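Please treat every number below as a calculation from the coordinates, not as lab data. Please read all numbers here as calculations on a predicted model, not as lab measurements. Using ideal geometry, Cβ is built from the backbone for each residue, glycine included, and neighbour counts are taken over all protein chains shown.
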Amino acid sequence: MHNFPRLIITLIASLSFFLNSCNSISENPDKKVFNINLNDGLTSLDPAFARNQNALWMVNQLFNGLVQVDDDLNTIPAIAKSWEISPDGKSYTFHLRQDVYFHDDPLFPSGKGRKVIAADFVYSFNRILDPKVASSGAWIFNDKLSGENAFSAPNDSTLIIELIKPFTPFLSMLTAQYCSVVPHEITEHYGKDFRNHPIGTGPFKFKHWKEGEIMVFLKNENYWEKEGSEQLPYMDAIRSTFISDKQTAFMEFIKKNIDFFNGIDGSYRDDILTKSGKMTRKYEGKFQLRTGPYLNTEYIGILVDSTMPIVKNSPLKNRKIRQAINYAIDRKKMVKYLRNSIGTPGHAGFIPQGMPGFDMQAVKGYEYNPEMARKLLAEAGFPNGKGLKEIKLQTSTTYKDLIEFVQGELNALGIKCKVEVNQTSSLREMIAKKSVNFFRGSWIADYPDAENYLSVFYSKNFVPIGPNYTSFKSKKFDELFERSFAEKDEQKRYALYREMDNLVMQESPVIILFYDQLINLYQNNISGMSNNAQNLLILKKVKKE
């Protein structure tokens with residue numbers, strides 16, 4: 001009940017804004033508004049910082065890149081209508097559309113958005129690499145480019161990217177939201193405030209954001225993309241609320257105040273789903289429910305760089321203890337009873353189910369084996385956990401039930417574990433600063449190639465430059481990783497990926513909990529929603545009856 005007054009205030013503020021700022025919509029009841037709730041908040045609408053799901057979702061409505069993914073995760077044209085790759089795999093030439101314009105903004109001449117040209121991509125990509133910008137996506141281009149002039153625009157419609165060496169997943173990588181095109185005059189004018197003054201080329205344009213309360217995007221009337229002969233997007237606006245409590249947000253969905261709901265929280269999961277993952281009779285026919293593969297690995301990360309003081313004083317520096325923890329967790333029970341069978345127990349590697357090349361048989365992870373866990377603990381010098389220092393496991397509120405399940409499994413083995421619950425943003429900051437050494441994490445695919453997951457363990461990707469949050473370092477891993485770049489044969493590349501994944505599993509800088517599955521709810525009057533394994537929110541083709 002304590003959320004009720006806040007919800008009323010939020011909804012009143014939302015309604016007030018909507019009536020005042022979106023007259024064209026509120027005056028016409030025929031206008032179609034797509035309502036969504038972003039429960040974990042949002043820190044930026046700048047694609048240079050599109051590093052979590054909410055940012056990816058909203059950036060994807062406002063911006064475009066050279067290429068994009070379809071529902072089957074194939075790379076297809078976007079602003080680049082075609083491209084060629086040189087025989088040596090090092091030079092990419094993109095031919096741009098001539099009908100793509102930035103959203104209108106007072107900073108443009110006459111306030112009208114100008115045409116996108118190849119030089120805009122040169123600027124946008126160099127901006128990701130600029131240390132002053134400190135983009136969390138800089139790792140996309142790190143160690144791949146041929147030099148300072150790796151991006152060039154010989155004319156307005158041609159972009160050339162020169163790589164230092166072949167990198168087969170590169171085209172797939174360019175589908176990441178980090179690689180969206182931005183206008184230099186707007187980003188330079190606003191600097192860090194571009195986060196809340198975003199100007200892109202996407203199907204929707206930014207209107208208003210009252211942080212933590214309401215955000216509105218309006219239809220981009222000049223959008224370049226069509227479906228057949230029909231102009232996209234179909235919706236007139238997107239309205240986002242920021243109700244942090246998922247149960248409160250779900251009640252808004254049931255009342256039809258929200259059109260789309262992603263994921264099901266533990267507090268009401270049993271109300272909607274049976275333990276086998278089917279919809280309960282109570283809600284049959286009341287809304288649409290879709291499940292499917294989701295390129296997201298849920299895991300627990302462990303700092304393993306023993307030169308760091310936080311690791312030196314921790315029992316987790318011992319590989320056998322990390323392996324014992326891996327064997328101690330009954331993932332099947334966890335997924336069935338805490339997730340209502342939404343997800344696949346994480347018995348293989350870091351690469352998730354649904355990713356091309358995934359092979360549960362070829363990558364040897366950890367299944368539940370308490371006897372092996374006890375054996376490893378004894379070998380490490382701590383029989384039944386005797387003499388082992390208490391370890392702290394950091395999590396966010398949303399995952400408290402899962403992490404407490406892990407805590408129970410470890411305690412049963414004699415490993416004393418204390419759980420500390422943090423706000424999502426605080427935990428993310430602590431992980432990035434390496435001030436915690438045992439933490440719950442997840443890795444959602446930025447692009448649909450397993451290289452994206454393995455980059456998390458590449459030694460040159462240490463944060464803040466890259467996503468190596470565990471400080472894992474292995475010469476052999478790095479050699480295999482770099483060798484995979486030039487491998488054009490898909491099956492041979494997948495074999496290298498699996499070899500790397502096996503190496504990571506042996507060293508155990510992570511404990512794989514499960515490979516996620518999509519579970520999205522839509523109102524019955526919604527159609528045209530994408531159902532891709534990246535769970536990328538694509539609203540340009542959505543219709544509302």
A student applying the Cα gyration tensor rule (rounded when a/c is under 1.5; otherwise prolate if a/b is larger than b/c, oblate if not) would label region 437-523 oblate
Quotient of Cα radius of gyration and Kirkwood radius for the chain, i.e. Rg/Rh, equals 0.97
Phi angles of region 446-451, converted by Karplus (6.51 cos²θ - 1.76 cosθ + 1.60, θ = phi - 60°) into ³J(HN,Hα) in whole Hz with x for Gly and Pro, give 7, 7, x, 9, 4, 3
Spelling it out for Phe242: with amide H atoms placed in the peptide plane at 1.01 Å from N, the residues 5 or more places away or on another chain with amide H under 5 Å from its amide H are Leu38
Relative contact order of the chain (C-alpha contacts under 8 Å, at least 6 apart) in percent is 19
Within the chain, the percent of DSSP beta bridges that are antiparallel, given to the nearest 5, stands at 80
To the nearest 0.05, the calculated FRET efficiency linking Asp401 and Asp99 through their beta-carbon distance, R0 being 60 Å, is 0.75
Cα gyration tensor of region 274-320 diagonalised, 5x eigenvalues square-rooted, in angstrom largest first, produces semi-axes 45, 12, 9
Taking the convex hull of the alpha-carbon atoms of region 395-545 and averaging its shadow over every direction gives an area in square nanometres of 12.3
Taking alpha-carbon centroids only, region 436-497 lies from region 68-95 a number of Å equal to 22
Scoring region 294-518 by relative contact order with C-alpha pairs under 8 Å, at least six apart, yields a percentage of 36
The answer for Gly292, listing residues at least 5 apart or on another chain whose modeled amide H is closer than 5 Å to its amide H, is Leu518
So Lys433 and Ser146, fully extended at 0.36 nm per residue minus their Cα-Cα distance, gain in nm 100.3 nm
Zone reached by a paramagnetic label modelled 7 Å from Lys386 Cα along Cα→Cβ, restricted to region 299-334 with backbone N below 19 Å, covers 321
Scalar couplings 3J(HN,Hα) for region 197-213 by Karplus 6.51 cos²θ - 1.76 cosθ + 1.60 (θ = phi - 60°), nearest whole Hz, x for Gly and Pro, are 9, x, 10, x, 10, x, x, 10, 10, 5, 10, 7, 9, 9, 4, x, 10
Residue span Asp156 to Glu188: 0.36 nm per residue of separation minus Cα-Cα distance leaves a gain in nm of 9.4 nm
Ranked on Cβ counts within 10 Å of their own Cβ, fewest leading, Asp143, Asp46 go Asp143, Asp46
With only helices counted (DSSP H, runs n ≥ 4, each -39500 (n - 2.57)), the per-residue ellipticity at 222 nm for the chain, to the nearest 500, works out to -8000 deg cm²/dmol
Here the FRET efficiency for Thr307 versus Lys416, based on Cβ atoms and R0 = 30 Å and rounded to 0.05, is 0.70
So Lys207 and Ser276, fully extended at 0.36 nm per residue minus their Cα-Cα distance, gain in nm 20.6 nm
Checking rank on 496-505, 397-406, with mean other Cβ inside 10 Å and highest first, the result is 496-505, 397-406
Its Cα gyration tensor gives region 4-244 an equivalent ellipsoid whose semi-axes in whole Å, largest first, are 33, 19, 17
Answer in debye to the nearest 20: the dipole magnitude of the chain about its Cα centre, from +1 Lys/Arg and -1 Asp/Glu charges placed on Cβ, is 1680
One finds, for Ser110 and Ser425 with R0 = 35 angstrom and r their Cβ-Cβ distance, a FRET efficiency to the nearest 0.05 of 0.35
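Where the only charges are on Cβ atoms (+1 Lys, Arg; -1 Asp, Glu), what is the dipole of region 232-318 about its Cα centre, to the nearest 20 debye?
260
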Residue-ordered couplings for region 411-418, obtained by feeding phi - 60° into the Karplus form 6.51 cos²θ - 1.76 cosθ + 1.60 and rounding to whole Hz (Gly and Pro as x), are 4, 5, 8, x, 8, 6, 10, 10
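Contact order normalised by length for region 209-361, with contacts defined as Cα pairs under 8 Å and 6 or more residues apart; what percent is it?
17
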With a ≥ b ≥ c from the Cα gyration tensor eigenvalues, square-rooted, and the rule rounded for a/c under 1.5, otherwise prolate when a/b > b/c and oblate otherwise, region 294-518 is rounded
Toy charge model, Lys and Arg Cβ at +1, Asp and Glu Cβ at -1: region 381-470 dipole around Cα centroid in debye, rounded to 20, equals 460
